[in-house]
Amino acid sequence: MMNGVKIIRIPSLHSRYLFTFTAIFKAIKLARRHDVIQTTTFNGAPPAWLAGKITKKPVVITVHEVWIGKWKEVTGFSWLKRTAHDLLERVVYVLPYDRYVCVSRATWNDLAHALPARAAKKKTAVIYNGFDYDFWKPTHFTEGRKVREQLGAKDKFIYFSWGRPGTSKGFEYIIKAAPKIKEKIPHSLFLLMLGSIDKYQQKYTELKSLITKLQVQDHVKIIPSVPYEQLGNYIQAADCVIVPSLSEGFGYTALEAISLKKPVVISNAGSLPEVVSGKYQVCVKKDYHDLADKALKIARKEYLSKKMKKFEWKTSIEGYLNLYSTLLQDRRKNRQIENHEEDQQMNRRLALSVL
């Protein structure tokens, strides 16, 4: 039990693929005792749909990103593996859920191409994820200067990125931009914080090799991830945050930087242009020349700007509760109609037997 949420672990040999099958019986059992089934992409969706079908309970699926047709671009998978994943994703969306919730308008647009036109129009909704603005306050993170000193970069122009080194994150394009930024700003430093390195060892090795190949070892520094509570201090230490994603369903990284009033360079991928606000620049994804130019503009304090956007948890929760309420009302109406039709059929049969 965590913060009032009961979590049930399903033994699946630590495999998300096996979980799709091992979760089926438990999902059906739990569905019988509940009113609505909420699932998410990808592996939990099929057992949730099946449980809803068997127990006649409404199923809502939250779609974070749609990668149909993008698996080659956003992963390092082999042809066979990405083809299989593309097919499996198509299967997930073909299953008729009662409602599809997209976490951004960009995700909604992608999903619309994957669904039948009628389902895309009547069954989909956009409910943005929530963001913890109480935690991500500039006053909560006061050790930015200390971090700069520890890095030996007190007087340098620091541009910062963080996350897992998956292909979709696009970190190699910042490294490729580093020589041009270095040429214009000799005292610059690209700080790259990577997590889950053990799961992405090949990509991590590729990034290290690229740094050596481009001879920017003195201008690029890779550091391991820090506890979430300390991440804000590293954002505060930076002059600029770079989000070079090739695909992005929502964009928490950008929001974390924006909430701390840091200028950002985002790619034009997915939802990033949709959620960005504050001071920013937008580059074409995978175009490291453009990325370098936009980072240099930030260094010169040349910004695009938008009024701060907020994605409150309260709004997100209300969106889901209203959706659940509507689903349950529709379900009750359908049952009333079905019962009325059954009564009419019974009356017709009685009348026929009397005749």
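The values are calculated or read from the model by the stated rules, or taken from the named source; none is laboratory data. Note that this is a predicted model, so its numbers are computed, not measured. So basically every Cβ, Gly included, is an ideal-geometry build from the backbone, and we count neighbours across all protein chains shown.
Some observations on this one:
- Total residues in the stretch 27-73, condition under 20 Å from Lys333 (Cα atoms) and among the polar types (S, T, N, Q): 1
- Test: residue in the stretch 177-190 that is part of a loop (DSSP other than H, G, I, E, B) and in contact with a helix residue (DSSP H, G or I) (Cβ under 7 Å, 6 or more places away or on another chain): yes
- Within the stretch 268-284, the residues that satisfy the criterion of being in contact with a Phe, Trp or Tyr (Cβ under 8 Å, 6 or more places away or on another chain) and either in contact (Cβ under 8 Å) with a residue 24 or more places away in the chain or surrounded by fewer than 21 Cβ atoms within 10 Å (Cβ to Cβ) (or both) are Ser271, Val275, Lys279, Tyr280.
- Residue check for Thr107: in contact with a helix residue (DSSP H, G or I) (Cβ under 9 Å, 6 or more places away or on another chain), within 26 Å of Tyr252 (Cβ to Cβ), at pLDDT 95 or above and not assigned by TED's automatic domain parsing to the domain that holds Ala269: no
- Criterion applied to Ile222, Ile242 was being buried (at least 19 other Cβ atoms within 10 Å of the Cβ) and either at pLDDT 95 or above or in a helix (DSSP H, G or I) (or both), and the one residue passing it is Ile242.
- Among the residues of the stretch 76-95, the one identified as in contact with a Phe, Trp or Tyr (Cβ under 8 Å, 6 or more places away or on another chain), touching a residue at least 24 places away in the same chain (Cβ under 8 Å) and not in a helix (DSSP H, G or I) is Leu95.
- One residue from Lys154, Lys199 being surrounded by fewer than 20 Cβ atoms within 10 Å (Cβ to Cβ) and either of a type in the set (A, V, I, L, M) or assigned to a helix (DSSP H, G or I) (or both): Lys199
- For the condition buried (at least 17 other Cβ atoms within 10 Å of the Cβ) and either over 17 Å from the mean Cα position of the chain (by Cα) or among the charged types (D, E, K, R) (or both), Lys301 does not qualify.
Per-residue answers, yes or no, for (1) touching a residue at least 24 places away in the same chain (Cβ under 8 Å); (2) surrounded by 15 or more Cβ atoms within 10 Å (Cβ to Cβ); (3) touching an Asp or Glu at 6+ places or on another chain (Cβ under 7 Å):
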site	(1), (2), (3)
Cys102	yes, yes, no
Asp110	yes, yes, no
Ala117	no, no, no
Ala125	yes, yes, no
His140	yes, no, no
Gly144	yes, yes, no
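- Residue within the stretch 149-158 that is charged (D, E, K, R) and within 30 Å of Gly319 (Cα to Cα) present: no
- Those residues of the stretch 179-194 which are charged (D, E, K, R) and surrounded by fewer than 18 Cβ atoms within 10 Å (Cβ to Cβ), in sequence order: Lys180, Glu183, Lys184
- Helices (runs of 4 or more DSSP H) lying entirely in the stretch 259-355 (those with 1 or more residues that are at pLDDT below 95 and within 26 Å of Asn109 (Cβ to Cβ)): 313-354
- Taking each residue of the stretch 212-241 that is over 16 Å from Gly195 (Cα atoms) and of a type in the set (D, E, K, R) and looking for partners that are at pLDDT 95 or above and part of a loop (DSSP other than H, G, I, E, B) with beta-carbon atoms closer than 9 Å, six or more apart or interchain, yields Asp239/Lys156; Asp239/Lys262; Asp239/Pro263.
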